[in-house]
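Reading through the structure tokens given below for one structure.
Here, each number is a calculation from the coordinates, and none is a lab measurement. The structure presented is a predicted model; accordingly, all values stated were derived computationally and were not measured. All Cβ positions, glycine included, derive from the backbone under ideal geometry; neighbour counts span all protein chains shown.
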Amino acid sequence: MTGTVAPIPRATAAQAARRGLRRAATTLDPLATVAACVLLAMFAATILARLVGLGGSPTEIVGTRLAAPSLAFPLGTDSLGRSLVPRLLEGIGTTLLLSVIAVAITAVLASTAGIVAGYRGGRVNGTIMRVGDMLYAFPSIILAILVAAVVGPGQVAALASIVLVTVPLMTRLVAVSSRAVADRDFVAAAVISGVSTPRILVRHILRNVAGTIAVQGTYALSIAILVEGGLSFLGYGVQLPGSSLGLLIKEGTTYMVKAPWLIVAPGVVLVIAILCINVIGDSLRDRLEPRETRSLV
Amino acid sequence: MIENVLELDQVSTVFRSGWGRGRRELTAMDDITLSVPAGETLGLVGESGSGKTTTGSVALGLRRPTSGTVRFLGRPFDRRRGTAGQIQAVFQNPNWSLNPRLTVGASIAEPLSAAEGGSLSSHEDAVLTMLDEVGLHRSVAERHPHELSGGQRQRVAVARALITRPRFIVFDEAVSALDVSVQAQVLNLIKDLQAQNGFAALFISHDLGAVRYVSHRIAVMRLGEIVELAETERFYDAPEHDYSRRLLEGM
């Protein structure tokens, strides 16, 4: 007969807690931990600058025009004699905040559309994917300029552009993952049991594609920073007297030969931020989607 | 007269794909008529592509047939109304049958919470009772599927199917992925639970041995048609159709 199945020892709460801690500690590899720390330092610096005025006022004219880096002005001064340090800190804040908000919006839109497309399949999937293809067909910066032309240059344009540029890829990947989950027997069992569709989407599909969403979210964040940079560089994004990494680079190009520090500092920060985010993304991917191998290149 | 829980009356299902010249039609179920009374198991056998699984999903209401009627408890079948919890299924792949993100207890509780309302955690008593019935230790409720063996997972799938005390269960290749000894355990479990609960069952499999063990009657499908439908004993002693004989010889 069915006989006895050996009882499984029940894990104590302490064991479970230890497992949880170990899991959290091993979520990121050392390189990714460094990257996360660098990003956190950037966030901390920009918050401190806003709250307690770290580095001084971003708009006050404090020195001579285009002064080279010195003790008083560690990154030099710009064409109006403003110190670059507070300008850069404000710029990091604007860029990161814009990007994070935009990616959050993207994540919500893309997850919803992707999960519905993957679960429903057929025509719903086809329609959502074709809309995504249309957005895909535009080079991202052209799409961004189009948005800026419609809503007017500024932070809203940057936000909307980032969302439009990052939504198609994320939607597609979430849809593919959702499709794979939707084919599994536990979803059919839930349908047969009469579980409502919204419940199935959240309990069964969303929970199982959450890893994909997290990984794609980090990649979308680095794309977001690039799009903001490009748009502000072209003058359609963040406007003066505000500051963002793209805007600072644009200002720097004017005096590239005479005062190269104006373009080097924001450029380096931009590169480091994107590098850190991609390293974290790779680490999350290895952790959450272990079957996907790293690319050979 | 025994009440028929499920009746399929001249049911056909045709798959169409492509359009214009590339249009193809495939008849997965061709004029199928069968019935399953309470407390009885109907075994459905046949090779891959014979339409077994399509018949299963039509019986479960997952797929609408092209023509013919499906009756559940004598009424024409309408999935969305009132059948919640009365029909359940146990599927083939023990790795795919449970949501890896839910605890076993939550998975088992889901059909009950769908049928009667309430959160997954509010049905703990019923879950523990079910675990006892399928011969699993109560602590399994706290575990996740990856911590269980294939046989244990299939027991969990059986527990999930039975928790609402359904009138009709489809077992679609429910033991095919298991070791022979574990298969026997799960088949015994199904028989015992049927004796206790009196549900009607459709047992779909390509494994004639397993089907013989649990079924009261056997239907043989080939290319979408039922070529023979007979009592189990009679079928294994003296199969009437050529194809049935060949199937049995191939055992």
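Working from Cα positions, state the angle (0 to 90°, nearest 10) between the long axis of helix B:124-133 and the longest principal axis of chain B. Approximately 60 degrees, to the nearest ten. Of all lysines in the structure, the ones whose alpha carbon falls short of 23 Å from that of A:K258, not counting any fewer than 8 places away in one chain, are A:K250. Close amide H pairs (under 5 Å, H built 1.01 Å from N) link A:V238 with A:S232, residues at least 5 positions away or on another chain. In order along the range B:229-245, phi translates into HN-Hα couplings of 9, 8, 4, 4, 4, 4, 5, 6, 6, 9, x, 8, 8, 3, 5, 4, 4 Hz, rounded to whole numbers, per the Karplus curve 6.51 cos²θ - 1.76 cosθ + 1.60 with θ = phi - 60° and x for Gly and Pro. Scaled against the 2.2 N^0.38 Å expected of a compact globular protein of N residues, the Cα radius of gyration of the range B:98-165 reads 0.96. Under the simplified labelling scheme, the B:S17-A:L288 pair shows an inter-label distance of 3.3 nm, with each label point 7 Å from Cα along Cα→Cβ. Converting phi to 3J(HN,Hα) with the Karplus coefficients 6.51, -1.76 and 1.60 and the offset θ = phi - 60°, the range B:9-22 yields 10, 6, 8, 10, 10, 10, 9, 10, 9, x, 8, x, 6, x Hz in sequence order, with x at every glycine or proline.
The string of couplings for the range A:56-61 from the Karplus curve (6.51, -1.76, 1.60, θ = phi - 60°) is x, 7, x, 10, 6, 7 Hz, one whole number per residue in order, with x for Gly and Pro. Dimensions of the range B:3-95 based on its C-alpha atoms, expressed as ranges along the principal axes with the largest first, amount to 47, 32, 23 Å.
Amide H to amide H distances under 5 Å link B:L6 with B:V36, B:L73, where only residues 5 or more positions off or on other chains count and H is placed in the peptide plane.
The long axis of helix A:13-27 is offset from the longest Cα principal axis of chain A by roughly 50 degrees. Legend: Rg and Dmax of the range A:80-288, from Cα coordinates, 19.9, 72 Å.
Calculate the FRET efficiency for A:T33 and B:S181 from the Cβ-Cβ distance with a Förster distance of 60 Å, rounded to the nearest 0.05. E between A:T33 and B:S181, to the nearest 0.05, is 0.80. Over the Cα atoms of the range B:183-251, the radius of gyration divided by the Kirkwood radius equals 0.99; this is the Rg/Rh ratio.
Put in order of Cβ neighbour count within 10 Å, fewest first, the listed residues A:T127, A:T77, A:T33 become A:T127, A:T33, A:T77.
If you take the square roots of the eigenvalues of the alpha-carbon gyration tensor of chain B and sort them as a ≥ b ≥ c, do you get rounded (a/c under 1.5), prolate (a/b over b/c) or oblate? It comes out prolate by the Cα gyration axes. Placing pseudo-labels 7 Å out from each Cα toward the beta carbon at A:T253 and B:R75 gives an inter-label distance of 7.1 nm.
If R0 is taken as 25 Å, the Cβ-Cβ distance between A:L234 and A:R50 corresponds to a FRET efficiency of 0.45. Scattering from the protein assembly as shown was approximated by placing one identical point on each alpha carbon and applying the Debye formula without solvent; log10 I(q)/I(0) at 0.05 1/Å stands at -0.33.
The label point for B:H146 and the one for A:L275, both projected 7 Å from the Cα toward the Cβ, are 3.3 nm apart.
Based on the convex hull around the alpha carbon atoms, the range A:93-186 presents an average projected area of 6.5 nm².
Helix B:104-116 and the longest principal axis of the Cα set of chain B meet at an angle near 70°.
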